[in-house]
1. Mind checking which of A:ALA201, A:ALA88, A:ALA284 has the largest fluctuation in a GNM of chain A, springs on alpha carbons under 10 Å?
2. So, with a 1.4 angstrom probe, what is the percent of accessible area on segment A:3-316 that is carbon and sulfur?
3. Count, for each residue of B:342-350, the Cβ atoms from other chains sitting within 10 Å of its Cβ, then give me the mean as a whole number.
4. B:ARG140 to B:GLU187: FRET efficiency via 1/(1 + (r/R0)^6), r the Cβ-Cβ distance, R0 41 Å, to the nearest 0.05?
5. If the reach is capped at under 19 angstrom between alpha carbons, list the lysines near A:LYS65, excluding any in the same chain fewer than eight residues apart.
6. Between the DSSP loop rule and a limit of at most 16 other Cβ atoms within 10 Å, which trypsin sites (Lys or Arg not before Pro) in segment C:93-153 are left?
7. Report, as an integer, the average count of C-beta atoms from other chains found within 10 Å of each Cβ along C:71-78.
8. Which of A:LEU189, B:ALA247, B:GLY119 sits farthest toward the positive end of the charge dipole of the protein assembly as shown, with +1 on the Cβ of Lys and Arg and -1 on the Cβ of Asp and Glu?
Amino acid sequence: MNETLQVLFSLFIFPGLFGMVALALLADWVDRKVYARVQQRVGPMYTGKAGILQPLADVIKLLSKEDITPGESSKFMFNFLPLAAFAAVMSAALLLPIGFLNAYNSFPGDLLIMLYLLGLPTIVYFLAGWHSHSYFGIFGGVRAVTQLFAYEVPFLLAVLTPALLTGSWQLSEISRLSASHPLYLLAHLLAFTVAILGLQAKLERVPFDIPEAETEIVGGPTTEYSGRKLAVLHLTHELMFVVGSATLASIFLGGFGSGLWQFPLFLVKTFAIIFILSLMRAAAARMRIDQLIEFSWKYLAPMSCLQFLFIIVLKVLEIA
Amino acid sequence: MGLVNIAVGPQHPALKEPINFSFQTDGERIVSADARIGYAHRGIEKGMEQNNYVQGLFLTERICGICSHAHSMSYVMAVEEAMKIEPPKRAQYIRCIVGELERLHSHLLWIGVAAHEVGFDTVFMYSWKDREVVMDILERLSGNRVNYAINIFGGVKRDIDAEQAKDILKKIEKLEKRLQYYIDIGEHEPSFVARFKDVGVLTSEQASSLGAVGPTARGSGVTVDHRKDDIFAIYHEIDFTVCIEQAGDALARYIVRARELVESCKIIRQLLEKMPEGEIKVKHPRKAGPAEVVARYEAPRGEDVHYLWADGSDKPFRYKVRAPTLAAIPATLEMFKNAHVADIPVIIASIDPCISCTDRAIALTDSRTGSTMSWKELRDFSNRWYADRSRR
Amino acid sequence: MTDISSTTPAVQEAHVPQTDALLERMKTLLPGATAVKRRDRRYEVDTTPEQLLTVLETLKSSDLGFGFVCTIVGFDDGTQLGTKYILGDKALVCSVTVRVPNDNPVLPTSTGIFPASVLYEREVHDVVGIRFTGHPNLSRLILADDWPEAVYPLRKDYQFFKDEAGIPVKGCLLVDTANKIQIKK
């Protein structure tokens, strides 16, 4: 195919802007349906077949609402921050080992850039809360950064362990290795658990939705946002959901292959992880920030260190 | 940072009704707390002085939605004492059945709200689904899900026939099997226990000296249950246990309420089996008194005290309602000391706040000018205000 | 289930047997106050503002054991203001009535004896206008923040009018005979 057409397709359709946004809305629908069925409810039902258009309806509704900026905050920062978060996550989406342009988006070290880009939204939440000039915003932002200190180190260690085994920082290499040796998932079980918990914390979903604890601080960093800016923040959150799950799927569950098989494999593996995260959301209560820090440093960090040691031992003994 | 003043309420997602708690915090620790009530103030006490006793029956029922039967019962007990009439036994049984059903639905509602405060929406959905069973029973008995209007001076207005009794028994049996699940959650579910354990601790001495009542006091080891302590309605003929826990934290209060659910099912079964035949009401006079009566009833949230000063006419001279949540507020302010900010919703939820009960009393005038607005004028005013605003 | 039927109103005190062990004990411990038994498990004590704290203290800490304050009722009986302290034990209730003159409605606070009465006294101050000396915080509790000063809704001379449909009409007439405040809008 014509090179320009390929690039345009990848930038805008898959894994580009519209394709990713559509997948994000689909992930939102799956999450809400699973959450509802566990709670003996039905979830979205009427918009579209089985409610599948409900997330799209929510975004459209948000876009049509009044957009208020607090008087005391810096207009530029307040308006720019949601776009910054969206841009970061969209760029991370382009680095996933899918699509037709592997020559462009796959290079040694892209895993690190991916992790960095996925960590940016948390800093943006902090800044957004800070610039809201409301008590709830500042409190939520501070909690977001405190939570970052809790889960980020175990999460990074867990995600980097397969990289150690592969001997490369390149995401496509890692996924190729785990695709050709499916049993490696058992060797990485500890890392997989820590990574799933870390991803739930990064996405700030129950049991780790402390920054946005609805019954305590109303909306956390997003309290003062409304209208279009809130729509962008909402989309960013859903997008990070898909991108994070896809990253974990490509690292631990064997990636997506190449050619036309990518699309179904991507859907199946990513949505498997989304399903696990939704079940976790329905089955637990929210933790308190000091309980989370204690849990992370007492259990998650040692677990990932143990996993790291295990992989080193495996490599030294030439088993892997 | 220095001390920060936080105001929780009157509008806040943690509160189901408007109340204002203001805290001074140092980081995530609370240093001091104060409460301000009066946002759901409707002038009921003064209203009761202007209306006769039968009209007062409607007023007292609407003090609160969830504990409406409790207030109605206290009122009816007080006025019957002043009128010197006694309702027949069958009426007492029916009153107690509705009272225990109300306790069931109130505690199930509370379990859902408490779970929602800690982000555990699954338990919220489950408990409110079970609550629908109780609401169906109440609707079958009285025609309404809340505000049952089943009391009248001298008895009750509606009877329970054999078919309704059989239906109630069947539904209660099915419900009882589900109730063990909520006790299990309070004892074994780690994320839930972690949020409720050692939160909002109230020692036994503090509970008695600060005047806590109901499950708030029973969770701190104070043995006070008005159904056992005092003789009213028909409770002295029924066999049930009072649920006491010693720990004094929010988890203990949760366990007390979860166990009380099981006890209420037991009581309802006994009431339906022992209910005698007979009349359901006697005639009542129009005037009451002169007498001074204090009536106490065990509402789902604790002891509900109504004071009536009847002067021999058909209107009360002075009527005072002390709802259980008002008694719990000083205890709550004590619980806030040295708590985390994240524990605020849990502490507020653990006393089972029913702010509508707390706020009745006096007159209906309006704000700045001191003048009153009729409903029509209020509507016109608000229409004009919004029209002006959109033009700007 | 015969307890309610043994009630008798205040006027016919002669029919209520006054001989009761608890009643006798009360009369011994509270020499200055009048103690009567209204019915089974309901007692009443009348006292003066000077003796109020002693009476409350005795009722709480002696073997009478009324350690729980249920509520405090502020009332206006047409000629005088007063408060009733409704104290409770498990099943017993004792109401302590004290009346104050209209021109100087002051009472000592009972928060030293019963910490739970802090909110009840605040409410009485709000709606009837009795001041409690020594109370830690007598600010507004239930009335709105901009409610006019010295206007006490639960006094008998505070009235509002209704039209034929029973809806309160615009304007509230307050005639405070003591301070001659007339607010008519």
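The values are calculated or read from the model by the stated rules, or taken from the named source; none is laboratory data. Values in this document were obtained by computation on a predicted structure and should not be read as measured data. Virtual Cβ from ideal backbone geometry, glycine too; neighbours counted across all protein chains shown. Just the protein is used for accessible areas: all its heavy atoms, side chains included, with ligands, DNA and RNA removed. Shrake-Rupley method; radii C 1.70, N 1.55, O 1.52, S 1.80 Å.
1. A:ALA284
2. Details: 9620 of 13090 Å².
Solvent-exposed carbon and sulfur of segment A:3-316 make up 73 percent of the total.
3. Details: counts 12, 2, 3, 5, 3, 0, 1, 1, 0.
Counting Cβ atoms of other protein chains within 10 Å of each residue's Cβ and averaging gives 3.
4. Numbers: r = 33 Å, r/R0 = 0.81.
Efficiency at R0 = 41 Å is approximately 0.80.
5. The qualifying lysines are A:LYS75, A:LYS229.
6. On the way: sites: C:ARG99, C:ARG122, C:ARG131, C:ARG140; in loops: C:ARG140.
Hits after loop and neighbour filter: C:ARG140.
7. Details: counts 11, 3, 10, 2, 5, 2, 4, 2.
The mean count of partner-chain Cβ atoms within 10 Å per residue comes to 5.
8. Result: B:GLY119.
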